[in-house]
Amino acid sequence: MVSNALEGVNEFSSALWQDIEACLARTVKSGGPRIAVFDADGTLWDDDAGEAFFLWQIANCGFQFPSDPWVYYHEWKKRDPHGAYGWLAQISKGIPIDTVRGWAETCFASHSPWPVFGSIRRLVERLQQAGFEIYIVTASVKWAVEPAARHLLGIPANRVLGIETEIVDGRVTDRVLAPITYRQGKADALLRATSGVKPVFAAGNTLGDIALLETAVDFKLMIQSQSAIVPAHAGLAADEKRLREHGRPLGWRLHAFRS
Amino acid sequence: MPSDHSSVPIRTRLVEFLRAELEKKNRKVPDLETASLFNSGLLDSLVAVRLVLFIEQGFGITKALNVSNLSSIDTIEEIEQRIKEAGGQ
């Protein structure tokens with residue numbers, strides 16, 4: 001794996017590590033399935049892999065876009081996030097999937113260092129040592145997340161569940177596959193991949209991850225990637241705050257990479 | 001996050017943010033205020049996404065910024081201008 005940890009953020013406390021270890025011990029003792037799931041952007045790393053790939057595609061792929069594709073996407077996302085997330089996969093319509101995956105690899109390689117959270121990487125490694133199957137469920141385009149998942153966390157492409165379209169004759173189409181991995185779609189996609197087996201552990205950072213965290217039978221970890229002092233209008237920080245407001249009364253654990 | 005020091009000039013906050021991003025890449029740019037950021041390859045689209053988030057959160061901007069063409073926000077002056085046009089403060 002590439003060593004690429006993000007610096008300058010709060011790492012997991014020893015109390016949190018102890019609670020995680022206790023969860024692992026309970027799981028081993030129970031003999032039950034060992035499955036863990038993570039959201040990607042803002043949970044595994046301090047950035048948005050899907051949007052970074054989108055910007056990279058704008059600059060490098062010669063697509064015919066609306067005059068300002070970034071604003072077009074973000075304004076669409078405010079009205080209809082499911083549609084906007086799907087569009088980021090649909091823009092590659094007609095391109096061989098191998099080419100798109102190659103672009104994603106090139107995009108990943110050109111972004112150094114990739115801002116993966118150090119504590120998260122150690123947690124993933126610990127779960128892998130304990131024999132867990134680890135899934136990533138993301139509202140980003142699946143192909144954009146696969147390289148970082150594989151290179152930084154050792155998670156293979158078939159365990160990355162994200163927005164994708166039907167592939168016909170090796171080429172991307174504009175038919176977005178259900179479920180759209182946002183909100184309830186995240187939980188649906190995970191449980192379909194695990195044949196209904198619920199994870200022991202789940203982590204996410206926004207209200208879009210509530211349904212995903214609710215699937216976890218033991219440990220629900222809320223991640224705060226943005227400082228709590230940013231203005232209320234701020235999209236990501238506000239979405240993270242809404243998750244905390246939902247999870248705190250339910251006793252979900254919280255780790256704030258930034259206070 | 002810069003929201004608690006909005007009295008600090010836009011340019012100062014931008015320089016602070018970009019210096020921190022460059023440090024992550026082990027790069028020091030003495031003439032940062034005039035440097036080509038994206039066209040030169042100094043910064044990449046991953047940083048651009050963080051920059052957008054930083055601007056939206058730090059300067060009170062609610063409308064999506066036009067960053068589709070990174071060449072058009074290649075210098076601190078150009079980014080500062082874009083923030084002012086969007087009503088940032």
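As I understand it, the value is the acute angle between the Cα axis of helix A:142-153 and the longest principal axis of the Cα atoms of chain A; what does it come to in degrees, rounded to 10?
Computed tilt is about 40 degrees.
Have a look at A:ILE91, A:THR106, A:GLY32 and report the one farthest towards the positive end of the charge dipole of chain A, computed about the Cα centre with Cβ charges (Lys/Arg +1, Asp/Glu -1).
Farthest towards the positive pole: A:GLY32.
Considering Cα pairs under 8 angstrom that are at least six residues apart, work out the relative contact order of the range B:8-85 and quote it in whole percent.
39 percent
Quick one: P(r) of the protein assembly as shown from all Cα-Cα pairs, 10 Å bins, percents rounded to integers, in order of increasing distance.
5, 25, 35, 24, 9, 1, 0
Between A:ARG171 and residues 5 or more places away or on another chain, which pairs have amide H atoms under 5 Å apart, with H built 1.01 Å from N, and which residues are they?
Long-range HN contacts for A:ARG171: A:ILE97.
Compute the helix-to-body angle for A:49-60: its Cα long axis versus the longest principal axis of chain A, expressed 0 to 90° and rounded to tens.
20 degrees
What residue among B:PHE38, B:LEU22, B:THR75 has its Cα farthest toward the positive end of the dipole of the range B:8-85, where the charges are +1 on Lys, Arg and -1 on Asp, Glu, each on the Cβ?
Most positive-ward Cα: B:LEU22.
What residue among B:ALA64, B:ALA48, B:ALA20 shows peak mean-square fluctuation when chain B is described by a Gaussian network model with Cα springs under 10 Å?
B:ALA64
When only C-alpha pairs under 8 Å and at least 6 residues apart count, what is the relative contact order of chain A, in percent?
23 percent
Going down the table (A:LYS77/B:LYS25; A:LYS29/A:LYS198; A:LYS241/B:LYS25; A:LYS77/B:LYS63), which pairs top 21 Å between alpha carbons?
From A:LYS77/B:LYS25; A:LYS29/A:LYS198; A:LYS241/B:LYS25; A:LYS77/B:LYS63, over 21 Å: A:LYS77/B:LYS25; A:LYS241/B:LYS25.
Just the C-alpha atoms of the range A:184-237: what Rg/Rh do they give, with Rh taken as the Kirkwood radius?
My calculation of the ratio gives 1.08.
Where does helix A:97-110 land angle-wise versus the long Cα axis of chain A, in degrees 0 to 90, nearest 10?
Once rounded, one gets 70 degrees.
In chain B, if every C-alpha pair distance is counted and binned at 5 Å from zero, what percent goes to each bin?
Percent of Cα pairs in each bin: 3, 14, 29, 28, 18, 8, 1.
Contact order normalised by length for the range A:55-158, with contacts defined as Cα pairs under 8 Å and 6 or more residues apart; what percent is it?
24 percent
Hey, with R₀ at 25 Å, roughly what FRET efficiency would A:LYS78 and B:GLU78 work out to, going by the Cβ-Cβ distance, to 0.05?
Here the calculated transfer efficiency is 0.50.
Could you work out the local net charge near B:LYS63, counting Lys and Arg as +1, Asp and Glu as -1, over the other residues with Cβ closer than 15 Å to its Cβ?
Summing Lys/Arg as +1 and Asp/Glu as -1 gives +1.
Name all residues of the range A:102-121 having a backbone nitrogen under 18 Å from the label point set 7 Å from the Cα of B:LYS24 along its Cα→Cβ direction, giving them as ranges.
Of the residues in the range A:102-121, A:107-121 have backbone N under 18 Å from the label point off B:LYS24.
For the residues A:ASP169, A:ASP47, A:ASP218, what sequence is obtained by ranking on other C-beta atoms within 10 Å, fewest first?
Ascending number of Cβ neighbours within 10 Å: A:ASP169, A:ASP218, A:ASP47.
If you put +1 on each Lys and Arg Cβ and -1 on each Asp and Glu Cβ, how big is the dipole of the protein assembly as shown around its Cα centre, in Debye rounded to 20?
900 debye
Bear in mind these aren't lab numbers, they're just calculated from the coordinates by the rules spelled out. Not measured: the values here are computed from a predicted model. With ideal geometry, Cβ positions are generated from the backbone for all residues, glycine too; neighbour counts draw on all protein chains shown.
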